[in-house]
Every structure is written in C-alpha cells, then in structure tokens.
Amino acid sequence: MTAPASAPASEPLHAEHFEDLERQAHAARLGMWVFLASEVLFFAGLFALYGTYRVEHPEGFGEGVLHNTLALGTTNTGVLLLSSYTIALAVHLLRGGNARAAQGLTALTIAMGLGFLGVKATEYVEHFREGIFPGGSGAFFVEHTTPGIAMFFTLYFCMTGLHALHVIAGMMVLAFLLYKMRRGDVTPLRSHPLAIGAVYWHLVDAIWIFLWPLFYLVPGGAR
Amino acid sequence: VSEPRERALTAPQGVAGGGPKAEPSPVSGRGLFLTWLALMVLAALSFGLRFAHLGALGMPAALVIAGAKAVLVALVFMELAFERPSIRIAFAAGLVMIAIMMALMIGDVVTRAVPPLQNPPGTQPRTAG
C-alpha cells in the first residue's frame, strides 16, 4: 500500500482510485473494448439484415451495387485505411516521446475523417438528385422496380449513415484528445487516452472494410 | 533513491525512484507501416477480383479478404494481439454472440430457400393436365 505521505511533490499521473497508471490504463482499455464489442453487435444486426435480403433479392442488390459509384467508395476505403495508419503512428510516436509529431498526425487523421465525410456527402447529394431516398421513396424507384432495390438503398442509407455518425464521433474524440495533448494532459508518459481513442477510430475503419464490398464492390452473379 | 524498476505492474508510478516511464509500443513504426501496406495490397486484391467475374463466389471472396483486413487492423493497429486475456475475452464474448446470431440467421435463410419436401420415389402425386 502506498501511504499518502510518500506521494511525490508533483501530481501523480494516475487517478486517485487507481494504484498506478498501468492499472488505470488497463481499466480504460477494457472499458473501451467492452463498448466496441457492443458496437460490433449493433452493426452485426444490420449486416444480418443485409445478408438475409440479399439472399432473397440478388438481382435488386446487384443492380444497386452497380448503381453506386465504385470510385468514390474505393477512395473512401483508401482514405480510412490511411487514417488508421496515421493514428496508429501518432500513438507510437507519442509513446516514443515525440508529442509534436503525434499532434500533427492526429490532426491529419481528423482531416482525413473530414475528407471521408465530404465524399460521402457528395454521394448522398447525388442520390437525392437522382430521386433515391430511404424507404424506397423517390422518382428513381418508379423506373427501377427490380425487387429488392428499394431495400438495398434503404440499407445503404442506414448502414453508411450510421457509420458516418461513428466517423463524426471518432473525429470529435480525436479532436478532444488533440486538445488534451496541447494542454499537456496527454503526454508521452500518460499516453493511454490517445491509444484508446485510436482503438475507436480503428473500429470505424474496420466497419467500413466490410461496408465497401457490400455496397460498392460486389454486384454478385448479376454481371 | 531506488534503482529504476523494470515492470510497470510492480512499480508504483509517479513516486520517487525510477520515475514514470512511457508505455512501450508493442509494434515498431516499421511494423505499423508494413501492416498498412498489407492492408492496401489486400484492398487492391479485392478491387481486382471485382473484375474477375467470380459470379457467386465474388461475395465470399470479398468477405474473406475483408475479414483478413479486419483481423490485421484488430491485432496490430488496435494491439489486440498484445492485450491481456481480460480484454481479449471481453471482446471475444461479443464475437461469440455474433457467431450465434449469424449461425441462426443463416440457418433460417438457407432452410427457407429450400423447395418443399419432395415425395419419396414412386409416390409422385398425379398432376392433372
């Protein structure tokens, strides 16, 4: 037991109710991973819906995939994979003592999140212009009546929209951590908050890894 | 003044002595770069297979590649390979739940698609016309 009297003059790096920083960081990581497990379950429900409907309506889903812009979806895949690398590198450099580089890479990661959202917004605007709205409403579905195509685009809006909300949340987390780094609360000696924020960002990337083939890449046996 | 301690778990940090140490990174900068490179190669492979006309195999192939990418991200970038069992078990529990849900769902969809049971040979119903 560490008696309070033996506490150093400087503020300890860990919170009062933890024995040391290592235990505090572990508790924080465990909490994040339990949250991520619930997030994955949350998305898994939507993936299950997609799978079920695609098996029932392969033609409609294939047509939907072909209608989406492969170049934009692929660009966003590249952006998110690169942003995962930059935030992983930020954590690595912060631990190594290079706080300035870590801050720069965190800012770069946020900027890439913004770029991702920009591409996504461009796609949504294009869909709305074509008359593609969630729930199978809009002029597009008057001409395109393949069974399942309305389901495809409803799931497209639900899943990519939910994912975009996670991108926004991730950017807010990273922006907060950037602020904490600038303030000196997250430092090379106390780096676990950035590591945990990065783990959340990687999850957002991992989910997109699966959304890309479902909505852009694989039209199935259609063509 | 004591000598610097090696193990963070046994040394109370922030107290006089060795002083706090930065948490070491389990993966080197080179390792992170190679992981990203592997991810890009897998993405390129997936993109290439799009034009290989795999037919019904297209989606399974894309999902296997996506799974490999997600595993790389989880194990290296998210450092799950270096985490303690408590964290790995907590996350694995979620994956087990998903496996159960997916198995039940696939079971449902697959059996739903099967045509009605066929009559045993020799007992074919006589159809008019």
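Return the residue satisfying two criteria in turn: it lies in the stretch B:53-68 and is free of Cβ contacts under 8 Å to residues at least 12 places away in the same chain and farther than 18 Å from residue A:58 by Cβ, and of such residues it is farthest from the other protein chains (Cβ to nearest Cβ).
B:64
Does residue A:169 satisfy the criteria of being without any contact (Cβ under 8 Å) to a residue 40 or more places away in the chain, under 30 Å from residue B:65 (Cβ atoms), open to solvent by less than 40 Å² (accessible area, probe 1.4 Å) and within 14 Å of chain B (Cβ to nearest Cβ)?
Considered against the rule, which asks whether it is without any contact (Cβ under 8 Å) to a residue 40 or more places away in the chain, under 30 Å from residue B:65 (Cβ atoms), open to solvent by less than 40 Å² (accessible area, probe 1.4 Å) and within 14 Å of chain B (Cβ to nearest Cβ), residue A:169 comes out as no.
If residue A:218 meets every condition in (1) touching a Gly at 6+ places or on another chain (Cβ under 6 Å); (2) surrounded by 23 or more Cβ atoms within 10 Å (Cβ to Cβ); (3) more than 9 Å from chain B (Cβ to nearest Cβ) apart from one, which number is that one?
Result: residue A:218 fails condition (3) only.
What is the one condition in (1) open to solvent by 20 Å² or more (accessible area, probe 1.4 Å); (2) closer than 30 Å to residue B:80 by Cα that residue A:197 does not satisfy?
It is condition (1) that residue A:197 fails.
Among (1) closer than 26 Å to residue A:47 by Cβ; (2) open to solvent by 50 Å² or more (accessible area, probe 1.4 Å); (3) free of Cβ contacts under 8 Å to residues at least 24 places away in the same chain, there is one condition residue A:141 misses while meeting the rest; what is its number?
(2)
May I ask you to verify whether residue A:94 is in contact with a strand residue (DSSP E or B) (Cβ under 9 Å, 6 or more places away or on another chain), within 30 Å of residue B:91 (Cα to Cα), more than 7 Å from chain B (Cβ to nearest Cβ) and not basic (Lys, Arg)?
Here the answer is yes, as residue A:94 does meet what is asked.
Would you call residue A:149 β-branched (Val, Ile, Thr) and either farther than 30 Å from residue A:61 by Cβ or surrounded by fewer than 16 Cβ atoms within 10 Å (Cβ to Cβ) (or both)?
It is false that residue A:149 is β-branched (Val, Ile, Thr) and either farther than 30 Å from residue A:61 by Cβ or surrounded by fewer than 16 Cβ atoms within 10 Å (Cβ to Cβ) (or both).
Please specify each residue of the stretch A:182-223 satisfying the condition of being within 15 Å of residue B:25 (Cβ to Cβ), assigned to a helix (DSSP H, G or I) and small (Gly, Ala, Ser).
A:195, A:198
Suppose we keep only residues that are small (Gly, Ala, Ser) and in contact with a Lys or Arg (Cβ under 9 Å, 6 or more places away or on another chain) within the stretch B:6-37. Which one would you say is modelled with the highest pLDDT?
B:25
The values are calculated or read from the model by the stated rules, or taken from the named source; none is laboratory data. Note that the structure is a prediction, hence the values are computed from the model and not measured. Neighbour counts run over all protein chains shown; Cβ positions are idealised from the backbone, glycine included. All accessible areas refer to the heavy atoms of the entire protein, side chains included, with ligands and DNA or RNA removed. Shrake-Rupley method; radii C 1.70, N 1.55, O 1.52, S 1.80 Å.
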